[in-house]
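The values are calculated or read from the model by the stated rules, or taken from the named source; none is laboratory data. Just so it is clear, the structure is predicted and the values come from calculations on it, not from any experiment. Glycine gets a Cβ as well: all are built from the backbone with ideal geometry, and neighbour counts include every protein chain shown.
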Amino acid sequence: MGSELNVQADSKAELAINPVTIWWAVWTVVWTTAVGLGMWFLIRRRNSPILRIRGLGLSLSAVVLLHIYWILVQLGLMYGALAPGDAEFWIMGLYLPCGISLFHASNSRFLHVAKLQKKYVDGGKRLLSSSPEPKGKGSLLTRFQNLAYNTRILILVGAGMLLQISLTVLMWVISRKYHSSWGIPGTEVTGSEMAQKAEMGRGWEWWPGVVLQFFWAWVVAPVILWKSRDIHDTQGWRLQTIGCCLSNLHATPMWLIALYVPAFEVVNQYWLPPQWIAISIIAIEVFTVFLPCWEVVRHQSLRQETLDAIANWEKKVKGSNSEEKSMNTTSTMVDSMLSVGWSTKGSVKSDNSSSRDSILTMGALEYVLERNPDPLQKFSALNDFSGENIAFLTSIAEWKNSLPQAILDGPGAKDDNLRDLLREHFNRALHIYAEFISVHHAEFPLNISGHDLKHLESVFEKPTSILYGEEREVDPVSPFDKFTFDLPSPAKSEFSEKGAASSMSSIRERVLYWGDIPEEFCATIFDEAEKSIKYLVLTNTWPKFVRNHRRLSADSETTLNDPVNMV
């Protein structure tokens, strides 16, 4: 049997140029170009909601490491006889395990984000009511548990990678296969140069990499598959996670079989043993690079379809000069959708083009946000992973509705007689900023423009830093670290009774800011951010929500009309 790169005792120390190696070289160039273009597309579209939540930095870093290993494997038949004897040992011991470790660290974000988004179901009451008390700073384990999620993952993955590298170095040091002058006696190999190279390509020295691959593929991956079984998102993230986990199951067993079973000698002349692992890497790149690209294109198509529907509806409304009638039609459509889901028993048919356009308008979205936002909130949190957007809009609406006329009137609200009233509502606004906007404190900072963000930071960031302590280091593009507020105080403000059942009222009661209130604070401070997020919901989450209701309605009608189910 030969080595990983099919080096045998009778191989010649020369570059192998033949139809097989030329084919693999061409394939390497073609696939590498495709992967590079896909990664470039993702980086260019990194601000898309579908990509922001994934955290491209970690996943693309893993893809780069794995692809380097893939390239070296694809060209192995060509350069194998010329490569140093321990080259393949280092390639398998460093590039592959480090790439797989980073990849699964990135993959775990899916479960973490899905878990955190559950806080927005029912207005976030479920999470807030069961929030654990802050842990102390005693033991090293306790301190580790108090770290942000990103930090914990990087520490664990870094420790695993360091262990893998250390074991690889240790195996190389103690084995005389790779250096005959020192190491453990009895581990050396003899024979011609090619015979020694063939023996270097396999053996007990490879066990750290083998064990790690089995651990990721047959322990970690099944756990991720099991935990993701009840998650049904609109991002294609679950499909990506499942596809990547399943694609790794065959790799290590087939690599070992091809390396040690004599019947595979003929196959290894055209298909190297590590190319079974390369298949997994191709699948990982398909699900990690090309599937998100397709999701971004699909999202853009859905967004354009929504804008076209809105334009058609507005054109019809202007042409008929019946805006009041159109509002009644929209409200009827929304009520029908939320109650009977456009079933045949509903008041409006789903195949009506005019009705379909009206339900996608801003008026329909605002009607739902005002009358019954819970179904949209649940869908955005559990399926679209954008629950913070709906929670922000409903929190802003609640805050505005609670503002007294004195503050709504403007500068006169800053009279000394209204100082306490103004401070109460500034604290409410401050908590909204910390919960949804601050890149240093929010779990999922809203996707607003840099201009709007800087304006809000100039008003709220300093008081937020005073109120919540030191700022934490966060990547604004993928901010998934968990932030915990202080324990609630028994004090209760007179203005918090109306929102006592909501998530934001629970937060408002916890801490208060007693410093100077910025002059720029007013009743319209959040208006631009609210418009931006409402438009984002209209063109992203809202059409998905509508489609989901249509699909559920069609499924329910099929079930009701099925003669088997009628029995």
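Remarks
- Among the residues examined, R238 does not qualify as under 20 Å from W70 (Cα atoms), buried (at least 16 other Cβ atoms within 10 Å of the Cβ) and either touching a residue at least 24 places away in the same chain (Cβ under 8 Å) or not basic (K, R) (or both).
- When restricted to residues that are under 26 Å from W206 (Cα atoms) and hydroxyl-bearing (S, T, Y), region 219-264 contains 3.
- Restricting attention to region 376-421 and to residues that are at pLDDT 90 or above and outside any helix (DSSP H, G or I), the residue that is nearest to S228 (Cα to Cα) turns out to be N383.
Yes or no, residue by residue, for (1) in the same structural domain as L360 (by TED's automatic domain parsing); (2) among the hydrophobic types (A, V, I, L, M, F, W, C); (3) at pLDDT below 85:
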| site | (1), (2), (3) |
| --- | --- |
| F287 | no, yes, no |
| L291 | no, yes, no |
| D308 | no, no, no |
| E324 | yes, no, yes |
| M327 | yes, yes, yes |
| T330 | yes, no, yes |
| V334 | yes, yes, yes |
| M337 | yes, yes, yes |
| W342 | yes, yes, yes |
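- Checked against the criterion of being part of a helix (DSSP H, G or I) and either within 14 Å of Q275 (Cβ to Cβ) or in contact with a helix residue (DSSP H, G or I) (Cβ under 9 Å, 6 or more places away or on another chain) (or both), the candidates L5, L65 yield just one match: L65.
- Taking region 205-224 as the range and being free of Cβ contacts under 8 Å to residues at least 12 places away in the same chain and within 21 Å of the chain's Cα centre (by Cα) as the test, only V223 passes.
- Residues of region 8-29 classified as within 23 Å of W90 (Cβ to Cβ) and not in a helix (DSSP H, G or I), total: 7
- Any chance V73 is in contact with a Pro (Cβ under 9 Å, 6 or more places away or on another chain), closer than 24 Å to V261 by Cα and in a helix (DSSP H, G or I): yes
- Condition check for S493: at pLDDT below 85, crowded, with 20+ Cβ neighbours inside 10 Å and under 15 Å from W399 (Cβ atoms): no
- Looking across region 178-189, the residues that are touching an Asp or Glu at 6+ places or on another chain (Cβ under 9 Å) and either surrounded by fewer than 14 Cβ atoms within 10 Å (Cβ to Cβ) or in contact (Cβ under 8 Å) with a residue 60 or more places away in the chain (or both) come down to Y178, H179, S180.
- Only a single item in (1) surrounded by fewer than 18 Cβ atoms within 10 Å (Cβ to Cβ); (2) part of a helix (DSSP H, G or I) is not met by P84, and it is number (2).
- Boolean, L167 is modelled with pLDDT of 90 or more and crowded, with 16+ Cβ neighbours inside 10 Å: yes
For (1) charged (D, E, K, R); (2) at pLDDT 85 or above, each residue gets a yes or a no:
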position	(1), (2)
R423	yes, no
A429	no, yes
E435	yes, yes
K482	yes, no
S489	no, no
S503	no, no
